[in-house]
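Notes follow the structure.
What follows draws every value from the coordinates through simple rules; no lab data is involved. Given the structure is predicted, the values throughout are model-derived calculations rather than measurements. When we count neighbours, we look across all protein chains shown, and the Cβ atoms used for this are built from the backbone with ideal geometry, even at glycine.
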Amino acid sequence: MHREGTNLWLTVPLGNGITVESTIPPMKTVKEMCALTGVSRKTLYYYDKIGILSPSRRIGKQKSKLYSDAAVKRLLLIKKYQEAGLTLEEIRRILENSDTEETVIREALSRMEREAETIRIQMGKARTLLQAKEE
């Protein structure tokens, strides 16, 4: 077995004079995943820790993490949901198919509307405090 970039080549003699050579699909290292997606190393490790994005393979004594193309797509999907304001728990529900995407997004919108109303109330109170100081 030898490594060319992130491609692994496996050469196996079959014992009948024939040797089979195969490639294992290209995998991304943590550094490559971070560069490709704009996610920090710390975030990638956190996602692994909470089980929302696990590496496709771990190799070597130090268990280096490698990610498949499917993992890249999953990470980009996670980022898309986060940019829309969904929490990691809401994203997990979508990814695990425990709820439909539409249901989770509707619930997230409702949560965000409540949070926005709370912020509007707090802003009004802060303005009142400022006006009292100016008088």
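What ranking, highest mean first, results for peptides 100-108, 86-94 when packing means the other Cβ atoms within 10 Å averaged over each residue?
Top to bottom by mean Cβ count within 10 Å: 86-94, 100-108.
Within the same chain, lysines fewer than 8 places from LYS31 are excluded, and of the rest, those with a Cα less than 24 Å from its Cα are LYS42, LYS49, LYS61, LYS63, LYS65, LYS73, LYS79, LYS80. Peptides 111-120, 126-135, ordered by how many other C-beta atoms sit within 10 Å of their residues on average, highest first, read 111-120, 126-135.
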